[in-house]
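Trainee: Please find one structure pasted underneath; my questions will follow.
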Amino acid sequence: AARRMDYQARLASHLIEQERYEESIAPLEEAINRKGVSKLQRIRENYLLAQLYKTTGRTDDAYRMFGKVIRMSPPYEIEFHARIQQTETMAQDGSVRKIMKKLKRMERDPKNKESLDQIYYAMGNIHLTRGDTVTALQLYNTGIEKSEKPSPEKGILLLTMANLYWALKDYAHASECYSKAVGLIGTTHKEYETVKLRSEVLEDLVRCTEAIRLQDSLQWLSTLPEDKLYAVIDKVIEEYKEQERLEEEKLKKEAK
């Protein structure tokens, strides 16, 4: 039996290398509790099985398995990523309050300073699961603001936002997110070609839309009496100055 389980572990590894993920699940499920394996190796194999469930669309099994990994007291980095990925697979009736409480503690932990984008991404995922798109997008945007460096994880966050904006027909914001995501997710990502195409199409669409909006605005301005026209111009100037002031404050904070 032990020899068979060792064989199943090697078979699962071989199938994963060939990207035959569906076929690799059964042998890994059989091999995962074999004897003579270190605790760390067992944790890694459970985490891998959770990822395989997620990749093949078995979200309930993935959610359960990520939870099992967390309960195994894994190294912090594995626990961190298991908690983030668990929010991508949770059902609508998942343990929202419990997971959100843990994420908020993670947010306050100084050692997670460089991973705040992932934490806010996870929080957004929870609200998205509950059908609260507005709050999800607010949290995703906060994650982007707090992220300190480019990474594939930031690319996934931007892609999630872009797809949401696309579904909402908010093409200006979708265009901005797709154009940023395309350089971060990598050419091997399954949605790369879609992201690239949408980025190119939306860039042209937004440019045309802005041109039409500008023409409409200019025509409207031409109909205003002189006093109202100057009032509009003064307001635009004030908004521009305020925007410059905020940008300057942001640069000062980043320089500290």
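Trainee: Can you tell which of R58, R44, R10, R34 is farther than 25 Å from T89 by Cα and open to solvent by 40 Å² or more (accessible area, probe 1.4 Å)?
Mentor: Answer to the selection: R10.
Trainee: Quick check on my filter: what residues within the stretch 127-145 are buried (at least 16 other Cβ atoms within 10 Å of the Cβ) and of a type in the set (A, V, I, L, M)?
Mentor: L128, A136, L137, L139, I144
Trainee: Further question: Tell me which residues, restricted to the stretch 168-191, are surrounded by fewer than 18 Cβ atoms within 10 Å (Cβ to Cβ) and polar (S, T, N, Q).
Mentor: T187, T188
Trainee: Still on this structure, I have one more. Looking at the stretch 183-205, I want the residues that are more than 17 Å from E19 (Cβ to Cβ) and have a partner that is open to solvent by 40 Å² or more (accessible area, probe 1.4 Å) and part of a loop (DSSP other than H, G, I, E, B) with Cβ atoms under 8 Å, at least 6 apart or on another chain. Which pairs are those?
Mentor: G183/P150; L184/P150; I185/E191; V195/H189
Trainee: Right, here's the next one. Restricting to helices (runs of 4 or more DSSP H) lying wholly in the stretch 108-205: which have 2 or more residues that are among the polar types (S, T, N, Q) and closer than 16 Å to T87 by Cα?
Mentor: The helices (runs of 4 or more DSSP H) meeting that bar are 116-129, 133-146.
Trainee: Mind counting the residues in the stretch 113-126 that are surrounded by fewer than 20 Cβ atoms within 10 Å (Cβ to Cβ) and modelled with pLDDT of 90 or more?
Mentor: 1
The values are calculated or read from the model by the stated rules, or taken from the named source; none is laboratory data. It should be emphasised that the depicted structure is a prediction, and the values quoted were computed from it without experimental measurement. Methodologically, a virtual Cβ is constructed for each residue, glycine included, from the backbone with ideal geometry; neighbour enumeration extends over all protein chains shown. SASA here: full protein model, heavy atoms, side chains in, ligands and nucleic acids out. Shrake-Rupley method; radii C 1.70, N 1.55, O 1.52, S 1.80 Å.
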